[in-house]
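The values are calculated or read from the model by the stated rules, or taken from the named source; none is laboratory data. Please read these numbers as outputs of a predicted model, since none were measured by experiment. Glycine gets a Cβ as well: all are built from the backbone with ideal geometry, and neighbour counts include every protein chain shown.
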Amino acid sequence: MKGFPVRPAPSESVGEAARAVARRQAEQLTLVRRRAQPAAVYITRMTLTAVFAYLLALQLPGGSTRSVLAPLTALLVVQATLFHTIRSAVQRVIGVTTGVLAAVAVAAYVPFSWWVLGLLIAGTLALGLMLRLREETLEVPISAMLIFSVDSHAAATSRITETLVGAAAGLAAGLLFAPLRVQSAKDAIGDLSRQMADLLGQMADGLADVPDPRRAAEWLDRTRALRGEIERVDDALAQAEESVRLNPRRLRYPDPAAGLRDGVDTLERAATDLRVLARAVADSARLDSGDSPVKDEETRARLAAVIAELAASVRAYGQLIEIEPEPFDAPDAQAEPALSLVLEDHLEEAQRRQDRLADLLATDPAERPDGWPLRGEILAHVDRLRSELQPRHPAPADVARRPLRTRVRAKLHV
């Protein structure tokens, strides 16, 4: 009957639910595989480092077969990147040495008592803060308390020596095993581009009919959620850049993470343009007038055609970043040029379809005043989104060095 919504057939609802469940299961399996592999590598790397530190400490004169200070130090020193490993090793050695020397100096003149222990803890904490040891600040009072409680020069020497051995083992592990996290950053960029392409594709499909205002509002909400995804990509890119710092392989090859910054910047600006485009479509869907752009069948068809090409362009752009070979890998001589041509073809087709859309939207404001501002907004945002994916010159050095998170928050408040 007229006025009642048409409900989908039960078989269609079941089919859609089954497909949704299948997609979620596939995504979960992918996440499990991605997380399990780094976890296994991490466990193996840490175990080998600790055992190596223990065996190395056994070679020291007077080394105890039950001493675990060296492997403990090695475990605490090893970090995700070589740069952080070196910094942690230096800070830990300084903290242990400072605490041991402070305890030896105090024990030489003052007997052990509760108030002396309190003064020693306060003083060594102050020393740790003055030396800016950050996470290793507590290592100073811990080492001081341990040595002060036994009052033994042999224990003091052993603690410093085994700390040096553990730090050396951690540095060796960092030099040998510290991974380059460039691929994880590429994966994050690829995930972001696919999410943007999927959203654009759904918008294009949804314009087959007059979009419901609530559905258009959902598109806008999803573009707002891209802010969190961009911050996740920012974190992955920061880890990639940190993993390259001081890495020995950097001496032979250029920075493998340098080109990713431009790709992230492009997707960041494209996400902003996608958001304002979704807002213009949502405003047009809410406009209670026949002049609304999305309520005209021909306008919707041409706009959907442009958005579909933009979706394919964003997807190809993300794939182009993902397949870019690292300097240590053999480059694929065919995949990158082929994807570049695919991207260029989609952008050229988007330009042609945009010109057809512009011909239809170019109406006299006096004739259709209600929807005229929205027509201009939609056309402008489509053009900006397409232009962002065009080849461009590298950004100035001062802009490229700015923290991405700062620029995201400044640009996405639309």
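Overview of results
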| item | result |
| --- | --- |
| Residue match in segment 212-220 (condition: within 22 Å of SER387 (Cβ to Cβ), in contact with a helix residue (DSSP H, G or I) (Cβ under 8 Å, 6 or more places away or on another chain) and modelled with pLDDT of 90 or more) | yes |
| Criterion (among the β-branched types (Val, Ile, Thr), at pLDDT below 90 and in a loop (DSSP other than H, G, I, E, B)) met by exactly one of VAL414, VAL342, VAL408, VAL399 | VAL414 |
| Unmet criterion (only one of (1) crowded, with 22+ Cβ neighbours inside 10 Å; (2) at pLDDT 85 or above) for ALA301 | (1) |
| In segment 148-187, the residues that are within 18 Å of ALA102 (Cβ to Cβ) and among the aromatic types (Phe, Trp, Tyr) | PHE148 |
| Residue match in segment 192-205 (condition: in contact with a Lys or Arg (Cβ under 8 Å, 6 or more places away or on another chain) and modelled with pLDDT under 90) | no |
| Condition met for LEU320 (at pLDDT 80 or above, under 25 Å from VAL244 (Cβ atoms) and surrounded by 15 or more Cβ atoms within 10 Å (Cβ to Cβ)) | yes |
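Results for (1) over 28 Å from ALA122 (Cα atoms); (2) at pLDDT 85 or above; (3) more than 30 Å from the chain's Cα centre (by Cα), shown as yes or no for each residue.
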position: TYR54; (1), (2), (3): yes, yes, yes
position: LEU69; (1), (2), (3): no, no, yes
position: LEU76; (1), (2), (3): no, no, no
position: ALA80; (1), (2), (3): yes, no, no
position: PHE83; (1), (2), (3): yes, no, no
position: SER88; (1), (2), (3): no, no, no
position: VAL93; (1), (2), (3): no, yes, yes
position: THR98; (1), (2), (3): no, yes, yes
position: ALA102; (1), (2), (3): no, yes, yes
